[in-house]
Amino acid sequence: MGFVAIYLLMLLCLNIFTNSFSKGIPQPSCIKSERQALLKIKQQLKNSNMLDNWMARNEDCCKWVRVFCNNVTGHVTELQLGNSNDTIASSRSKKAGSLKLGGKLSPALLDLKHLSYLDLSNNDFDPTQIPDWFWNLTSHLQYLNISGNQFQGKIPDLFTNQASLVLDLSFNNFTGSLPGISLNVTVLDLSYNVLSGSMSQFLCHKKHQMKLEVLNLEGNNLSGEIPDCWEKWRSLVAIELCNNNFSGGIPSSMGALTSLESLHLRNNHLEGEIPDSLTNCTQLLTLDFAANHLSGEIPPWMGERLSKLIIISFQSNRFHGHVPEQICGLSSLQILDLSHNNLSGNIPSCIKNLVAMISRKMSCSKISYNTSKGCFFDNMTLMMKGVMLDYSNTLGLIKLVDLSDNNLSGEIPAEMTMLTGLLSLNLSKNHLVGKIPINIGAIKTLECVDLSENNLSGKIPDSMSELSFLSYLNLSYNNLTGQIPTGTQLQSFSASSFLGTKLYGPPLPTPKTPAPASNIVGGQVDNRNQVDWNFICMEFGFWCGFLCVACPLIFTNSWDACIFRILGKLKIKHF
């Protein structure tokens, strides 16, 4: 899910506040033993250009870059050695990659007894197994981020004495089964590793209520059914299980997660119907069940009980029945993706009631949910402009309706044009009839329109040429007729956007038509004084053919006798 916390920002603000409050009060220097530990840590690192001022002659390590100390005791409490993409991009160094640390992890980290925050993310450590001693840090850390490295090996059970712990071990090469965790772990991100096996041992058999709020297991090789034992995990705000090999149904015990705001189950092998127990999850903002084998009808209660939904993505499943009109009651809905299913019937005209798609005002660029550790941001994979794209930082700006590749019929409701904040409209591969709504140009924000492979007829509305942000258009394989409206916008698309129609005009190629007969006659009259070499060649050919036939006849017997009689008479007269 790309969990990006504002936890770091909160700590930074706290430091600024503390520094301001203690201004004028002498600040303690760092502890000598901890300064020695930091120097040992640096010795084990490669490409440590960012740590240039970590030197023995600089006695106060609390002033070293990326080191933060307690303002009262002088103990080192934070090491912010992570390497974000933003940091690399903003670097003026000729080799931005030089900001990435490498080498090995030093056991001297254990000498920093008061360390509560350690960020080593997005560096370039050697692809070796994490040493056993390293995991002992979790007994006193409150935040550990080693994501985006090449760490390998198995993750041991993670038990901590701290009141809460944020663990981000994502984007590594960890193998084995899911580790056990203590009830004090608040955020666990194990996404994009090579973990395998079942979730059962991890999830079930808990005696106490767990404090976990964010669980991200995306992009592993986990398999089996999703266990039906979520009752002890009522603090969960976000669950990310995408891109695994889970099978079976969606467990009904997920209905116990009344604080749940984000549920991602995309790209597994789940089947069956959506359980009615999810009606209890009234705080849900995101439902992502795409790319599974789910069936049944889309529950009407979603539009009644889950009133806060911003995202519904059921793409590539086996849902049938009508698009329920109750969905029109979701005033916060910005993304509705029901594509690649077996839905039938008409597009409900009440779609105009999706208030969040009407506003043209810029929303917050991110869709977030709150935890005790700060604000986390959601992400989503969406089809835009014919390509699957991942959205995170700009997800909140996307307003999309995708009902493509179903069995929908009837006309495109005119009310659709009231969604004046819509960015993408895809109704392709259905059985829609009638005309394109004449007022489609009212959706000024449209960037993507795909109405291809339907039975639409009539002309392209002139208002469509007014869509100045339109960068993707596909009207192909319909019964559309008439001239494509002129204007700079529609003429900028390739002819493939209009294939299989009866349209004409740019950008379609001009058809070649034969010249009228009157023009041919006129041309002959105008050129009558010129030599017609074609006619002469025809005449010459005729006479050549005639002589080839006539000459043999001349020398047949009848002709020979006549000639000899004439010659005989001439000889007599001569003598």
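The values are calculated or read from the model by the stated rules, or taken from the named source; none is laboratory data. Values in this document were obtained by computation on a predicted structure and should not be read as measured data. Every residue, glycine as well, gets a Cβ built from its backbone with ideal geometry; the counts of neighbours run over all protein chains shown. Ligands, DNA and RNA are excluded from the accessible area calculation, which covers all protein heavy atoms including side chains. Shrake-Rupley method; radii C 1.70, N 1.55, O 1.52, S 1.80 Å.
General remarks:
- Segment VAL72-SER468, length gained on full extension (0.36 nm per residue, minus Cα span): 136.6 nm
- Cα→Cβ-extended label distance, 7 Å offset, between ASN161 and VAL65, nm: 3.6
- Karplus-based coupling profile of the stretch 263-269, in residue order and whole Hz: 10, 10, 10, 4, 6, 10, 10, with θ = phi - 60° in 6.51 cos²θ - 1.76 cosθ + 1.60 and x standing for Gly or Pro.
- Between LYS444 and LYS459, the simple spin-label model (points 7 angstrom out along Cα→Cβ) gives 2.5 nm.
- Square roots of five times the Cα gyration tensor eigenvalues for the stretch 95-212, Å: 24, 18, 12
- Length-normalised contact order for the stretch 112-268 - Cα pairs under 8 Å, 6+ apart - percent: 15
- Amide H contacts of GLY249 (H built 1.01 Å from N, under 5 Å, at least 5 apart or other chain): GLU271
- Debye equation applied to the C-alpha atoms of the stretch 206-313, log10 I(q)/I(0) at 0.12, 0.18, 0.24 Å⁻¹: -0.37, -0.87, -1.59
- Taking amide H atoms as placed 1.01 Å from N in the peptide plane, the amide H of PHE125 lies under 5 Å from those of GLN150, each 5 or more residues away in sequence or on another chain.
- With contacts taken as Cα pairs under 8 Å and at least 6 residues apart, the stretch 240-320 reaches a relative contact order of 29 percent.
- Simple spin-label estimate for GLN491 and ASP132 gives 7.6 nm between the two label positions (7 Å along the Cα-to-Cβ direction from each Cα).
- Alpha-carbon centroids, the stretch 184-230 and the stretch 381-451: separation in whole Å: 36
- A convex hull fitted around the alpha carbon atoms of the stretch 399-516 yields 97 Å³ per residue.
- Using the average count of surrounding beta-carbon atoms within 10 Å as a protection proxy, the listed peptides 455-462, 385-392, 282-289 rank, highest first, as 282-289, 455-462, 385-392.
- As a ratio to 2.2 N^0.38 Å, the alpha-carbon radius of gyration for the stretch 425-468 is 1.12.
- Using a Förster distance of 51 Å, the FRET efficiency for SER409-VAL194 (Cβ separation, nearest 0.05): 0.65
- For the stretch 325-394, the orientation-averaged shadow of the C-alpha convex hull comes to 6.6 nm² (one quarter of the hull surface).
- Å² of accessible area per residue within the stretch 173-251, as computed with a 1.4 Å probe and no ligands counted: 33
- Global form of the stretch 254-395, assessed from the alpha-carbon gyration tensor, a/c cut-off 1.5: rounded
- Extension gain (nm, one decimal) between SER247 and ASN47, 0.36 nm per residue minus Cα-Cα: 67.5 nm
- Contour excess over end-to-end distance, with Cα ends at VAL387 and SER295 and 0.36 nm allotted per residue: 30.6 nm
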